[in-house]
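The values are calculated or read from the model by the stated rules, or taken from the named source; none is laboratory data. Everything quoted here is computed from the prediction, not taken from an experiment. Methodologically, a virtual Cβ is constructed for each residue, glycine included, from the backbone with ideal geometry; neighbour enumeration extends over all protein chains shown. The protein model used for the area step is the full one, side chains on, heavy atoms only, and it has no ligands, DNA or RNA in it. Shrake-Rupley method; radii C 1.70, N 1.55, O 1.52, S 1.80 Å.
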Amino acid sequence: MTEADHPLLPNYTALVTLLAIALYFFLATRVPVARRTFGVKLPATSGPPDFERVFRVHQNTLEWMPTFLVPLWLCAIYLSDVGAAVLGLVWISGRVAYFVGYRQAVEKRLPGFFVQTSACLLLFIGATVGVVMRLVGG
């Protein structure tokens, strides 16, 4: 199959999705490293605050994945692949800032959290607008 067979595939959003999953995989690898560093044995999910912050970044990212991925794809399909992909990159940058900040101190997680939350809200709005436009416009 060629691109001419599927000219409207959201290719940019597909790349951003892969990047988001790569970030999640990276964060998943940080938990066992933190376990070794801080002596937290399985199946414990609590320990020193430095471990718990790394663990929470991973868990919080998992908790946000559906809230991010569903509107990302709906926005890409119904409104704009490029717009969704750009907002997806903003979400990823917010998650990276969240990780970097939260590792240092609880209160330093907030800037990244607000960036990723804003990106999700804009994706949700874009998805809603796109779906409504399609329903109204045929």
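Provide the net charge surrounding Arg53, with neighbours chosen by a C-beta distance below 10 Å and charges set as Lys +1, Arg +1, Asp -1, Glu -1.
Around Arg53, the charge tally is +2.
With +1 on each Lys and Arg Cβ and -1 on each Asp and Glu Cβ, and nothing else charged, work out how big the dipole of the chain is about its Cα centre, in Debye to the nearest 20. Please report the intermediate quantities before stating the final value.
Working: 11 positive and 7 negative charges, 138 e Å.
The dipole of the chain has a size of about 660 debye.
Please list, in chain and number order, the residues 5+ apart from Gly47 or on another chain whose amide H is under 5 Å from its amide H, with Hs placed from the backbone.
Glu52
Before I look further, what does the chain give for accessible area per residue, probe 1.4 Å, in whole square angstrom? Don't skip to the answer; put the middle values down first.
Numbers: 8070 Å² over 138 residues.
Per-residue value: 58 Å².
Using the Kirkwood radius over C-alpha pairs as Rh, can you work out the diffusion coefficient of the chain via Stokes-Einstein at 25 °C, viscosity 0.890 mPa s, in µm² per second?
In µm²/s, the coefficient is 152.
Along the charge dipole of the chain, Cβ charges K/R +1 and D/E -1, which of Val90, Pro43, Thr17 sits furthest on the positive end?
Of the listed residues, the answer is Pro43.
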